[in-house]
Amino acid sequence: MLKAFKLRNYKNFKDEISINFEDIAGYQFSTDCISDGILSKMIIYGRNATGKTNLGNAIMDITKMLFQIGYKNEDIFINADATEDFASFSYSFQFDNNEIIYRYTRFSNFDLRDEELIIDGISIYKCSFYQDKYNFDNLKFINAETASIGRYLQSLDDGNITEDVMEFKLPFLRWIINNTALKNDSLLIKMSEFIRRMTMLKVSNTIMFGFSRFNDSFFESLEAKDNLEDFEQFLNTMGIKCKLVLKKLPDGQRELYFSHDKLIPFYKNASSGTLALTNLYRRFVSTLRSSSFVYLDEFDAFYHYEMAENVIKFFKRNYPKCQIIMTSHNTNLMTNRLMRPDCLFILSSSGTLTALCNATLRELREGHNLEKMYIAGEFEKYE
């Protein structure tokens, strides 16, 4: 699991911002927000333009580094007021009793400055690309002595950037994973599989652009055994009571309907909240069984607060091991019935992230009305 994340000099985050998923208070309620001593369900609040989306993109940066997942060129990467010309990223993972720290800095979206891998306090390797200095002395600790360092260094010299394709300077970690015969129980294999299964979803973006582009593939998936029933049950659980029918039209196209006395086309008549749930299911729920870490940006943008609560309960009940960070403006979710003060965070305009339990001098208890305290300005200092 992801234990900690640190970031500096990326977009609006000039100073270091960090998330410590091990920073757990001793609450005895809403314990389903915790898994194996790690915060597994979190909600981040913040005023508009505080960087909630940027924070999610930063956490997902490692998926671009290792697998080029979701890669796109970004015009603005380094903080505009930074005194340094690079951004810093640091990830700490826990697998069994082992800690892996992977950290790197980048000059831009495609120019790697340095990287280092540390396992249980031992620096396995360190690459300083901008200084052309490398230390590979401890590869034996991960059984990666067979990694061809000469070929890797040659690949750095051969790399180039064209107008059409912008490649990262190849991270050595990616080289090891792809070019070394690692055992299936290797820590690096566990780490790479965790990272590969990390994802980010911004629900509102897809709503604005419509659904016609993915209907066919989604409808095709619903034809598989029990999938339509599973989707229907998901909507019913969320409070959307309905019966669905999937039909194949004479032209070979598929169409989804609400089943009443007559069939009603689903996408033409579903509410924005139902469409948001559909997108959540299509992009997330149907593949969540294999997800390791998910950042859900504005996950409840089109939901009634009761539906948003149902979504969180669904996540906690069905996917207790998956680490899920949600961003929201919905203060109705700021309740100990559903969450807890160490799982509710405020992202400030100055780039600090603070749990509610650390944002007040009071000792927050189960009986406190967190929403009322928030609206009354109890945590205003940290906004």
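Would you pick out the residues in the stretch 9-60 that are more than 30 Å from R113 (Cβ to Cβ), in contact (Cβ under 8 Å) with a residue 40 or more places away in the chain and touching a His at 6+ places or on another chain (Cβ under 9 Å)?
Answer for the stretch 9-60, where residues must be more than 30 Å from R113 (Cβ to Cβ), in contact (Cβ under 8 Å) with a residue 40 or more places away in the chain and touching a His at 6+ places or on another chain (Cβ under 9 Å): Y45, R47.
Here is a list of conditions, (1) under 18 Å from the mean Cα position of the chain (by Cα); (2) under 23 Å from N227 (Cβ atoms), and G273 meets all of them except one; can you say which number that is?
Exception for G273: condition (1).
In this structure, is K41 closer than 30 Å to H329 by Cβ and touching a Gly at 6+ places or on another chain (Cβ under 8 Å)? Don't jump to the end; show me each part of the working.
Values: closer than 30 Å to H329 by Cβ: yes; touching a Gly at 6+ places or on another chain (Cβ under 8 Å): no.
Here the answer is no, as K41 does not meet what is asked.
Mind checking which residues of the stretch 26-38 are assigned to a loop (DSSP other than H, G, I, E, B) and farther than 22 Å from N330 by Cβ?
G26, Q28, D36, G37
Could you name every one of the strands (runs of 3 or more DSSP E) located completely within the stretch 255-347 that has at least 2 residues being touching a residue at least 40 places away in the same chain (Cβ under 8 Å)?
Result: 293-297, 323-327, 344-347.
Of all residues in the stretch 226-269, which are loosely packed, with under 14 Cβ neighbours inside 10 Å and at positive phi?
Result: D226, G252.
Within the group I19, I43, which residue is crowded, with 17+ Cβ neighbours inside 10 Å and within 24 Å of N98 (Cα to Cα)? Don't jump to the end; show me each part of the working.
Values: I43 fails: within 24 Å of N98 (Cα to Cα).
Being crowded, with 17+ Cβ neighbours inside 10 Å and within 24 Å of N98 (Cα to Cα) holds for just one of I19, I43, which is I19.
Against the conditions (1) touching a residue at least 12 places away in the same chain (Cβ under 8 Å); (2) assigned to a loop (DSSP other than H, G, I, E, B), where does L112 fall short? Just the number, please.
The number of the failed condition is (2).
Considering (1) assigned to a loop (DSSP other than H, G, I, E, B); (2) surrounded by 14 or more Cβ atoms within 10 Å (Cβ to Cβ), say which one D81 fails and leave the rest.
It fails just one condition, (2).
From the residues in the stretch 259-304 that are in contact with a Phe, Trp or Tyr (Cβ under 7 Å, 6 or more places away or on another chain) and of a type in the set (S, T, Y), which one is nearest to K41 (Cα to Cα)?
That would be S292.
For the list (1) in contact with a helix residue (DSSP H, G or I) (Cβ under 8 Å, 6 or more places away or on another chain); (2) of a type in the set (A, V, I, L, M, F, W, C); (3) surrounded by 20 or more Cβ atoms within 10 Å (Cβ to Cβ); (4) at pLDDT 95 or above, I need the number of the one condition that A25 fails.
(3)
Out of the residues in the stretch 218-276 that are more than 22 Å from M307 (Cα to Cα) and among the aliphatic types (A, V, I, L, M), state the one that is modelled with the lowest pLDDT.
Only one residue fits best here, namely A224.
Which one of these does I119 not meet: (1) without any contact (Cβ under 8 Å) to a residue 60 or more places away in the chain; (2) surrounded by 19 or more Cβ atoms within 10 Å (Cβ to Cβ); (3) not hydroxyl-bearing (S, T, Y)?
Failing condition for I119: (1).
The values are calculated or read from the model by the stated rules, or taken from the named source; none is laboratory data. What you see is a predicted model, and the numbers here were worked out from it, not measured in a lab. With ideal geometry, Cβ positions are generated from the backbone for all residues, glycine too; neighbour counts draw on all protein chains shown.
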